[in-house]
C-alpha cells in the first residue's frame, strides 16, 4: 500500500529536475561564485590587526547585530570569522528564496497549470509528485552544500578549516531545505501558487525579524526562529553542529505534516478557504489595470507590510546607535574618515540602499506578471476582447510605478515614525522621504529592463533577477571591497545620490528617468511586434 503511494517518484523527479534545470544551474553558479568572490576579497579588506579590531568594535553595535546576527569575542575574529559573520545571514536568505521559488513552482504552480493532473492520470502514486519535488530540493541543497564547502576549503584562507567550510555549506543546505519544507506545507494550505509563495516569504521575513529582535536583547526569542539557530553555528570559531541537527529535525516534522495534508486533500483544493467572490465583476475589475491589480493585490499588500515592519525595526535602534558611537572615538574615526558625517547618516544611507533593493522585488514581480500570464495562456483571453497590447502592458507598467511609490513610502514611514519616537531629536521628515524617493528612478530602470526583455526576448525575462542581485552586491560590498569603478557603474543604483550623506543631484536622477522611459518604449514596441503565446 505504501509503495503504491510513491509509485513513479523516480521518473517524475527526472521530469521536474529537467524542467527546472536552467534555474537550478543558474542559482547554484550564482551562489557559489558570489560566495567565493566575496571570501577571496576579504584578506585584502582586513589587512591588519587594527582593521580586525575595528570590525570587532563595530559588531558590538546593536544595529549591526540586528542586521547580521550575534558577533564573536574580539579575540576570535580573523578573516574567516568576519566573512562568516557578515555574509552568512544574507546567503541564508538567498538560499531560502531559491528554495521557495523552486518548490512553489514544482508543487502548487504545476498543480494550477494542470501539469500535475496530467501526470496523476498515469500509473503513479498520490504522493509521488510531492515526493519528487522534495527530492529535487534535497539534491539541489546537497549539491550546494558540497560545492560551497569544497570551494571555500580550496581557498585556504586564514582561519578557514575543513570542518568550518563544510559547516558553512551544511547550514546553507539545511536552511534551504527547511524553507523548502515550509513552502511545500503552505502549498497544501493555499489554493494558489501566489498564496503558497506569499506565505513562505512572509514566514522568512517574520523569522528574520524575530531573530533581529532577539539578538539585540532577548536571546530566547531568537531561538524561536530557524534563522536564529543558523547564525549560532559560530562558523570558523566554535563550529557548532547543533543548529544543523535542529533544522533537520524541524524538516522531518514539516515533511511529515506536508505528506499527511497532501494525502487527505483533493486535487486543486487547499485547507485555507478562498474568500467567495462577487457574482459580477466591478467596473474597475473589468479594466486591464483593475485585473492586474486584483491579481497582485495580496502580493503588494504583503510586501508593503514587510518592508514597513523591517524599516521600523531598524528605526527602533537608531537611538542606541547614536549612544554607542558617541562613546567610541576610535570607531568614529575609522568609519567616518575625513567626511565629518554622523554615524546616523551613514547608517541611514546604507539602510536606504539595501531597503530600496528589497523593495524593488515586488515592483519587478508586478511587471514580470505579464510574462507569467502569457505563458499560462491567460493573455489571449484578454486580447479576445477589445483590448490593445499597449493598454494591457501599459496597465502593468503603471501598476509597477505605483507599487514602487508605495514601497518607498512604506520604507520612509517605517524608519521615520519609529526612529523619531526613540530619538531625542526628531528625524527630518523631508530628508528621510527624499532619501527613499531618490531610488525611484533606479527601480523604474529595473521595470524598464524587464519590459524590454518581455518585448524582445520573453524567454530570458528571468535574467532581470540576476541584475537585481548584482545591484544589491554593489550596494552592500562594492565600497568595502574597493571594486573597480567600471564594475560599480554597471549598476544603475551606483548613480543614485547616497542620501543623506550626499546631496541630491538632479542630473543623475533625470538621466536615469529618461533612460528608463527610452528602454520602456523599446520594450513596448517589441511587445507590439512579436507574437503572443497562444
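Under the condition of being in contact with a helix residue (DSSP H, G or I) (Cβ under 7 Å, 6 or more places away or on another chain) and part of a helix (DSSP H, G or I), which residue from the stretch 152-163 is farthest from residue 47 (Cα to Cα)?
Pass one, the stretch 152-163, residues in contact with a helix residue (DSSP H, G or I) (Cβ under 7 Å, 6 or more places away or on another chain): 152-153, 155, 157-160, 162.
Narrowing further to those that are part of a helix (DSSP H, G or I): 152-153, 155, 162.
Numbers: 152: 19, 153: 20, 155: 17, 162: 23 Å.
The extreme case among them is 162.
Test residue 227 against the stated conditions and say whether it is assigned by TED's automatic domain parsing to the domain that holds residue 195 and either out of contact with any helix residue (DSSP H, G or I) (no Cβ under 7 Å at 6 or more places or on another chain) or within 30 Å of residue 420 (Cβ to Cβ) (or both). Walk me through how you get there before you give the answer.
Details: assigned by TED's automatic domain parsing to the domain that holds residue 195: yes; either out of contact with any helix residue (DSSP H, G or I) (no Cβ under 7 Å at 6 or more places or on another chain) or within 30 Å of residue 420 (Cβ to Cβ) (or both): yes.
When the stated conditions are applied, residue 227 passes them.
State whether the residues of the stretch 141-151 include one that is modelled with pLDDT of 85 or more, under 23 Å from residue 71 (Cβ atoms), touching a helix residue (DSSP H, G or I) at 6+ places or on another chain (Cβ under 6 Å) and crowded, with 24+ Cβ neighbours inside 10 Å.
So far as the stretch 141-151 goes, yes, one or more of its residues are modelled with pLDDT of 85 or more, under 23 Å from residue 71 (Cβ atoms), touching a helix residue (DSSP H, G or I) at 6+ places or on another chain (Cβ under 6 Å) and crowded, with 24+ Cβ neighbours inside 10 Å.
Just give me the residues in the stretch 119-132 being more than 15 Å from residue 263 (Cβ to Cβ) and part of a helix (DSSP H, G or I), in sequence order.
Residues of the stretch 119-132 that are more than 15 Å from residue 263 (Cβ to Cβ), as a first pass: 119, 121-123, 132.
119, 132, listed by residue number.
Any residue in the stretch 247-257 that is crowded, with 20+ Cβ neighbours inside 10 Å, under 18 Å from residue 92 (Cα atoms) and within 26 Å of the chain's Cα centre (by Cα)?
Yes, the stretch 247-257 has at least one match.
The values are calculated or read from the model by the stated rules, or taken from the named source; none is laboratory data. Only a predicted model underlies this, so the values are computations on that prediction, with no experimental measurement involved. Heads up, the Cβs are rebuilt from the backbone with ideal geometry, glycines too, and the neighbour counts pull from every protein chain shown.
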